Amino acid sequence: MSVLLEIRGLEVGYGAIPVLQGIDFDVEEGKTTVLLGLNGAGKTTTVGAISGLLKPWGGTISFEGERIDGLEPPALVDRGVTLVPEGRRVFPALSVAQNLRLGSWTKRKRGAELKDAEEKVYDYFPILLERRTQMAGTLSGGQQQMLAVGRGLMSLPKLILIDEASLGLSPALAKTVFNIVDRINADGTTVIIVEQNVGVLKHADNALVMEKGEIVYRGSGEELRSGDELRRTYLGGGDEEAAPAVARPTPAPAQAAAQASAPATSDDEPRSRRRSRARRAGKPGTG
Amino acid sequence: MLGVTLVTPIILGLVQGAGFGLVAIGLVLIYKSTRVFNFAAGEFATLGAFASYHFSHGFNILFISIPKLGLWAGAVAGIAVGAAFGLLTERFVVRPLSNRPKVTVLVATAAIATTAIALEIVLGATKSFRSGALVSGHPFVLQGVSLLWQELIVIFVLVLAGVGLAIFFGYTDLGLATLATSQEPTASRLMGIRLNRISMLTWGLAGALGGLAGVLLPPVTGSFFAAYGTTDLLIAAFTAAVLGGMTSVPGAFLGGILVGLVQNLALSNVDQNHFPGAPAVAVLVVLIGVLVVRPTGILGREA
């Protein structure tokens, strides 16, 4: 596998306050990389710099072998780098269909490809097809998250970065979103997921753990997930699908029941086997 | 008798309301994209009127002599100057303040208006100007009321602008992008939409609409003068935009017509000696009435 994204010595900050202290990492083409860490670790800053929202103070970002640091989001989206921002940020007073249409803004002349992309989005998220004329602001949190991811996919990305995909979602919904991310990845899009939820590790090829603007652990998702000691050291424990990196109160009985009754998705199956099975089945990762 | 109390004010109200509607649509465009009320909107119209008049009649500026270009070329110049003033406002005032609180931008637009008024006083002192109608010819008579071609043009242009903008926002990618930018600027950037270009488009369009109002209305209302847009159009246009829902182009269109009708009906049917200011009070009563029944305005949603 070739390296799609290469980060070297990346330094980013806000005002005079540095956040990223010269981080390095690679993202392999066709893989899912998870960026884990507590609040304030620098995860969102990292994807903000990759997507062009934040100007790097130093270091380099290369995509497909070319420097992209300092480019504006329109140029990056055009090259195939799309960020699904934290908090969904759908266009509330536009319909689902209009939100998706705007996702393809930089590629709006590529009619046939967009038609396929739209069909694929509705295939991933059938609820969006049902709600296509509904105003996005009236959707539930989970549906808005689906719309945000779907809108990102309409830009025909080679690399999609999803910031806090499970934030505010029930464990069952978070699981659904992660499973769809598996399918998106299996269909050929490289994925970076920013998460506090260690449940995402089941869906990761590679994992990076951030702390105070530095990468303190890098390895495979499976390694981090199965190594109790590692997980305790870097993420403070937690081994449920929706367990966050930070300590969270015990789920309410209803939430626990939802978790228990969520569709079984061979949670303990290694990521690589899940993906090859998903590819064979044609509906990857849905179990 | 019916013509004087009802038909005349209705026709005049439609014409005048169409002018208010044009400025109101400009206000709505700016509000939709920046969530700011543009106090300079009236002066987009005045500058358009000044430019139209001077280019039509010829003028001298800094050793340069501009010949008479005629009414139509003057009208085009008026619209272009309105658009240019909108673009300049965006580039040199609104864009540098884009990360500041909205109230700062609001105050800045008021400063633009006063600067424009000062410029107009330099250009025309304090006298009034009479600009010629774009289309002359015999007026035709409707229910005993004479109707000028210029008045028909004003109504026609408003309908055209309203329909055109409704199509633009409802059915074009650029229109959707404009709406998206006002709702979620960060997400719009992440979709690859260039916010500066959308902002320029919006301010340029609002300026052109103001310029258009400045070209079309003075021949109907009689004359124009420095600060004409702020004193004679802005309050009515603002009322029209609020009546329409502040974010709705068709709403601004309807609001403009409603304000024009109410003002003229009050003017014709209420004795001004006993009740001076009746038109303004009537508009206020309608505004409060509409907002009590429909707090979001007549069409208070995105259009």
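The values are calculated or read from the model by the stated rules, or taken from the named source; none is laboratory data. Remember, it's a predicted structure, so these values are computed and weren't measured experimentally. Cβ coordinates were reconstructed from backbone atoms using ideal geometry, including for glycine residues, and neighbour counts include every protein chain displayed. In case anyone asks, the SASA skips ligands and DNA or RNA and just uses the protein heavy atoms, side chains included. Shrake-Rupley method; radii C 1.70, N 1.55, O 1.52, S 1.80 Å.
Where Lys and Arg each count +1 and Asp and Glu each count -1, what net charge lies around residue A:164 among other residues with Cβ under 13 Å from its Cβ? Once all neighbours under 13 Å are counted, the net charge is 0.
When the Cα gyration tensor is reduced to axis lengths a ≥ b ≥ c, the ratio a/c is 1.5 or higher for region B:222-290, and with a/b not above b/c it is classed as oblate.
The trypsin sites (Lys or Arg not before Pro) of region B:145-215 include none that meets both conditions, a loop assignment by DSSP and at most 13 other Cβ atoms within 10 Å of the site Cβ.
Fully extending the segment from residue A:187 to residue A:110 would add 25.8 nm, taking 0.36 nm per residue of separation and subtracting the current Cα-Cα distance.
Within a straight-line Cα-Cα reach of under 15 Å, residue B:32 can be paired with the following aspartates and glutamates, leaving aside sequence neighbours fewer than 8 residues apart in one chain: B:90, B:184, B:302. Of the whole protein surface, residue B:27 contributes about 0 Å² of accessible area at a 1.4 Å probe radius.
Summing Lys and Arg as +1 and Asp and Glu as -1 over all other residues whose Cβ lies under 12 Å from the Cβ of residue A:99 gives a net charge of +4. The string of couplings for region B:94-110 from the Karplus curve (6.51, -1.76, 1.60, θ = phi - 60°) is 5, 5, x, 9, 4, 9, 8, x, 4, 5, 5, 5, 4, 5, 4, 5, 5 Hz, one whole number per residue in order, with x for Gly and Pro. Amide H to amide H, with H built 1.01 Å from N, residue A:59 comes under 5 Å of A:11, counting only residues 5 or more places away or on other chains. Computed over all pairs of different Cα atoms, the Kirkwood value for the hydrodynamic radius of the protein assembly as shown is 27.0 Å.
Listed values for region A:44-55 are Karplus-derived 3J(HN,Hα) couplings in whole Hz (6.51 cos²θ - 1.76 cosθ + 1.60, θ = phi - 60°), namely 5, 4, 4, 6, x, 6, 5, 8, x, 6, 10, 7, and x replaces Gly and Pro.
By definition, a body whose alpha carbon gyration tensor gives a ≥ b ≥ c is oblate when a/c is 1.5 or more and a/b is not larger than b/c, and region B:2-234 fits this oblate description. Summing charges over neighbours of residue B:56, with a neighbour being any other residue whose Cβ is under 13 Å away from its Cβ, gives +2 when K and R count +1 and D and E count -1. When the trypsin sites (Lys or Arg not before Pro) in region B:1-109 are filtered for DSSP coil states and for at most 16 other beta-carbon atoms within 10 Å of their beta-carbon, the remaining sites are B:35, B:68.
For the residues B:21, B:170, B:82, a GNM of chain B with alpha-carbon springs under 10 Å puts the largest fluctuation on B:170. Site pair residue A:60 and residue A:29 shows an inter-label distance of 1.9 nm when each label is modelled 7 Å from Cα along Cα→Cβ.
The mean number of Cβ atoms from other chains found within 10 Å of a Cβ in peptide A:66-74 is 2, as a whole number.
For residue A:37, the residues whose amide H sits under 5 Å from its own are A:195, A:210, ignoring neighbours fewer than 5 places away on the same chain, with H placed 1.01 Å from N.
Fully extending the segment from residue B:285 to residue B:173, taken as 0.36 nm per residue of separation minus the present Cα-Cα distance, adds 36.4 nm. Net charge dipole, chain B: roughly 660 debye, given to the nearest 20, about the Cα centre with Cβ charges of +1 for Lys and Arg and -1 for Asp and Glu. If you plug the beta carbon distance of residue B:6 and residue B:115 into 1/(1 + (r/R0)^6) with R0 = 41 Å, you get a FRET efficiency near 0.45. By the gyration tensor of its Cα atoms, with a ≥ b ≥ c the square roots of the eigenvalues, what is the shape of region B:15-143: rounded for a/c under 1.5, prolate for a/b over b/c, or oblate? Oblate is the answer for region B:15-143, as a/c is 1.5 or above yet b/c matches or exceeds a/b. Each Cα pair under 8 Å and six or more residues apart adds its separation to the average, and for chain B the resulting relative contact order is 35 percent.
Mean residue ellipticity, 222 nm, helices only, chain B: the sum of -39500 (n - 2.57) across DSSP H runs of n ≥ 4, divided by residue count and rounded to 500, is -22000 deg cm²/dmol. Taking amide H as placed 1.01 Å from N in the peptide plane, residue B:142 has its amide H under 5 Å from the amide H of B:147, each at least 5 places away in sequence or on another chain. 3J(HN,Hα) couplings calculated from phi for region B:244-252 with the Karplus curve 6.51 cos²θ - 1.76 cosθ + 1.60 (θ = phi - 60°) are, in sequence order, x, x, 6, 10, 10, 5, x, x, 5 Hz; Gly and Pro show x. The distance between label points at residue B:62 and residue A:132 comes to 5.6 nm (points 7 Å beyond Cα on the Cα→Cβ vector).
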